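For reference, the structure discussed in these notes is given below.
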Amino acid sequence: MLISKVIGTTVSTIKEPTLEGRKLLILRQTDVDGVPVGKPYVAVDTLDAGIGDLVLTAHGSSGRQTDITKNRPVDAVIMAVIDHLSVLGEVTYQKD
Amino acid sequence: MLISKVIGTTVSTIKEPTLEGRKLLILRQTDVDGVPVGKPYVAVDTLDAGIGDLVLTAHGSSGRQTDITKNRPVDAVIMAVIDHLSVLGEVTYQKD
Amino acid sequence: MLISKVIGTTVSTIKEPTLEGRKLLILRQTDVDGVPVGKPYVAVDTLDAGIGDLVLTAHGSSGRQTDITKNRPVDAVIMAVIDHLSVLGEVTYQKD
Amino acid sequence: MLISKVIGTTVSTIKEPTLEGRKLLILRQTDVDGVPVGKPYVAVDTLDAGIGDLVLTAHGSSGRQTDITKNRPVDAVIMAVIDHLSVLGEVTYQKD
Amino acid sequence: MLISKVIGTTVSTIKEPTLEGRKLLILRQTDVDGVPVGKPYVAVDTLDAGIGDLVLTAHGSSGRQTDITKNRPVDAVIMAVIDHLSVLGEVTYQKD
């Protein structure tokens with residue numbers, strides 16, 4: 001799973017029918033301090049994550065192992081909202 | 001999913017029989033402003049996307065979760081045409 | 001799918017029994033002009049592609065969606081030989 | 001599989017229900033001496049690995065081939081704790 | 001598949017039970033001359049490859065399409081030992 005920050009939203013009128021009603025968020029991978037380091041990508045949100053949240057995303061076929069994404073053409077899903085990260089005994093990120 | 005721009009088309013006479021009649025478009029990954037940043041790749045189009053459109057593509061086995069791509073040797077599919085992208089509350093891309 | 005150029009061949013005596021008789025070609029990913037830009041990789045050829053041809057390759061489990069690669073430990077397959085590529089209305093590659 | 005070092009932990013209250021009780025560790029890929037070289041990622045721990053351990057992680061659908069990860073939206077799992085690594089006949093890493 | 005060189009071995013006492021007795025080798029991706037260019041990774045060996053051998057490895061779920069790796073948390077397998085590589089008609093690598 002990747003540690004990523006939710007940075008935005010995407011809206012589409014024309015889409016695969018099976019995606020109707022799915023919330024698609026824009027994310028960027030971060031380091032352990034929550035600072036974005038990667039290119040933007042899009043994941044399905046099943047947990048009502050908010051802009052600015054740090055989350056874990058599962059990719060590939062693993063992104064289809066939820067009731068909301070099963071059998072749909074999605075390859076990334078938010079599977080946890082992070083409360084805090086700790087590296088070598090020190091807290092590096094803490095949700096507000 | 002990746003945010004990508006449709007930049008071109010590809011034509012093949014010799015191909016896997018199961019791909020007959022499938023539209024294959026050339027895309028490049030973009031940033032949240034729609035500016036291409038990545039190498040070209042090819043995806044199956046099931047939504048009649050046009051050159052210049054910004055789209056979302058699903059990859060790997062997720063690219064086979066549509067009626068048009070099921071059981072076919074394709075690893076990328078366009079699953080939405082983007083109307084607009086919004087980052088931290090600001091619109092960064094708007095379809096014409 | 002990736003746009004790639006066929007650059008060579010690989011010969012192996014010791015291999016997975018299910019690969020017996022499969023043609024394994026060396027390829028490199030290219031840009032839209034057909035100029036190689038990536039590291040070499042190997043794909044199964046089911047279309048009798050030749051050295052110098054530009055082709056499309058499907059990767060991961062998608063590479064096993066052909067009669068010749070089903071249930072075999074291969075993760076890349078040539079699924080089309082490219083006739084021409086066109087970007088923003090201009091032909092960028094044309095097969096001889 | 002990747003050779004990675006366990007560097008931290010992640011705690012989440014809001015998560016996919018099927019992940020309840022799963023231990024999620026932060027890792028970084030290393031070279032053969034155990035020196036971290038890659039970006040942080042998160043894997044499910046099924047082996048009670050500790051901070052500082054060098055481990056092997058399996059990715060993608062392969063990360064779901066354990067009793068603890070089957071049918072869950074996880075794409076990385078620790079599948080071995082490394083005792084030692086040997087390169088060209090020389091020990092390059094030895095667990096304390 | 002990737003062209004890679006076998007450079008070492010890894011030993012683990014604590015591991016997924018289904019991996020008991022599997023030989024895990026350290027490899028690095030190479031160019032067509034057999035010169036290592038990538039980071040180390042680990043694959044299951046089913047062909048009794050030796051240190052210094054150039055091999056082809058299959059990745060992801062394709063790595064589980066052998067009797068020895070089926071249903072096991074492994075994402076890379078050696079599926080051929082390379083005798084020689086030929087690029088544009090010239091032999092670039094020849095096994096001793």
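Read the figures in this text as sums done on the coordinates, not as results from a lab. All values derive from a computational prediction rather than experimental measurement. Quick reminder, even Gly has a Cβ in these numbers, built from the backbone with ideal geometry, and neighbours come from all protein chains shown.
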Zone residues, region A:20-53, relative to A:His84, backbone N less than 12 Å from point 7 Å out along Cα-to-Cβ: none
Partners for B:Lys23 among aspartates and glutamates (Cα-Cα distance below 13 Å; same-chain residues under 8 apart left out): B:Asp45, B:Asp48
Amide H within-cut-off set for D:Gly38, under 5 Å, with H built and near neighbours excluded: D:Gln29
Sequence of E:Glu16, A:Glu90 once ranked by neighbouring C-beta atoms within 10 Å, starting from the fewest: A:Glu90, E:Glu16
Listed residue pairs exceeding 26 Å between alpha carbons, taken from A:Lys39/A:Lys95; D:Lys15/D:Lys70; A:Lys95/B:Lys95; C:Lys70/E:Lys15: A:Lys95/B:Lys95; C:Lys70/E:Lys15
Only Lys, Arg (+1) and Asp, Glu (-1) charged, at Cβ; the protein assembly as shown dipole about Cα centre in debye: 660 debye
Other-copy label distances relative to D:Pro17, 7 angstrom Cα-Cβ extension, nm: 2.8, 2.8, 4.5, 4.5
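What is the magnitude of the charge dipole of chain A about its Cα centre, with +1 placed on the Cβ of each Lys and Arg, -1 on the Cβ of each Asp and Glu, and no other charges, expressed in debye to the nearest 20?
400 debye
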Highest-fluctuation residue, A:Leu54, A:Leu24, A:Leu85 considered, GNM on chain A with Cα pairs under 10 Å: A:Leu85
Burial ordering of B:Thr13, E:Thr57, fewest other beta-carbon atoms within 10 Å first: B:Thr13, E:Thr57
Interchain or long-range residues, amide H under 5 Å from E:Asp53's placed H: E:Val6
Chain E - percent relative contact order, Cα under 8 Å, separation 6 or more: 27 percent
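Going by how many other Cβ atoms sit within 10 Å of their own, how do A:Val44, A:Val77, D:Val91 line up, fewest first?
On the way: A:Val44 22, A:Val77 28, D:Val91 11.
By the 10 Å Cβ count, ascending, the order reads D:Val91, A:Val44, A:Val77.
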Relative pair counts by distance (%), Cα atoms of region A:2-94, 5 Å bins: 3, 14, 25, 22, 18, 10, 4, 2, 1, 0
